[in-house]
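So the structure is just underneath, and the comments pick up after that.
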Amino acid sequence: MVQLCTINRIIKAYALIGFCVATYALYVEISLENDPDFEPLCDLRKYVKCSPAFISPYAKGFGIVRYIFGEDSAFNVPNGLTGMLFYILSFMLSCSDKQKIVNVHYYLAIASNISTFYLASVLVFIVRELCLVCLTTYFINAISLLCVSSKRRQLLSLSKHHKPCKAD
């Protein structure tokens, strides 16, 4: 069994990597909005491109927020910015081993993987491009969920084996 401190380090490492990838995604999206001739490093081949994903209507607010709050809403932010905030939160939550905090982290990781599945479906069926930046975030989110799940299981196991003293 991997120790909690090791799991926390892995979660933090993936959160930092995820933050960097999300920052790059935001940079590419803003650059493409300001300069249509911008060629991001992630556009490698004819069918291996990130720019179609980042200029699609699904690149902001997951393509959903615009229908609820409008295209110009403050809530309709680039997915890269949402990812950056998520990874900062994930990093901070990984600093705690309190069961309630770990549960919040666990449910956030599940939510991120649901959004990952949704965005992967959009990428495959609507955008129809292979976006390496997108795939990288999907991988990071999956690994993070596995790590947070492992941490949660360990904490639940420890709490079941802990026999409180009469003073507790």
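The values are calculated or read from the model by the stated rules, or taken from the named source; none is laboratory data. What you see is a predicted model; the values in this text were computed from it and never measured. Cβ atoms come from the backbone with ideal geometry, glycine included; neighbour counts cover every protein chain shown. For the accessible areas, the whole protein counts, side chains as well, though only heavy atoms, and no ligand, DNA or RNA atoms are used. Shrake-Rupley method; radii C 1.70, N 1.55, O 1.52, S 1.80 Å.
For LYS60, nonlocal amide neighbours, meaning residues 5 or more places apart or on other chains whose placed amide H falls under 5 Å from its own, are ASN79.
By the helix-only formula, in which each DSSP H run with n ≥ 4 contributes -39500 (n - 2.57) and the sum is divided by residues, the chain has a 222 nm mean residue ellipticity of -22000 deg cm²/dmol. Toward the positive end of the charge dipole of region 1-141, with +1 on the Cβ of Lys and Arg and -1 on the Cβ of Asp and Glu, the farthest Cα among ALA25, PHE62, HIS105 is that of HIS105.
Normalising the average separation of contacting C-alpha pairs (under 8 angstrom, six or more residues apart) by the number of residues puts the relative contact order of the chain at 33 percent. Which value does Rg/Rh take for the chain over its C-alpha atoms, Rh per Kirkwood? Reported Rg/Rh, Kirkwood definition of Rh: 1.08. In region 30-168, the portion of solvent-accessible area held by carbon and sulfur atoms comes to 66 percent [1.4 Å probe, whole percent, DNA, RNA and ligands not counted]. With Cα atoms defining each centre, region 31-50 and region 72-96 are spaced 23 Å apart in the structure.
Solvent exposure of the chain, expressed per residue, is 62 Å² of accessible area, with all protein chains present and a 1.4 angstrom probe. For the chain, the dipole from Cβ point charges (+1 on Lys and Arg, -1 on Asp and Glu) about the Cα centre works out to 1240 debye, to the nearest 20.
Hydrophobic, long helices, defined as DSSP H runs whose alpha-carbon span along the helix axis is 27 Å or greater and whose mean Kyte-Doolittle value is at least -0.5, occur in the chain at 4-34, 99-122, 132-161.
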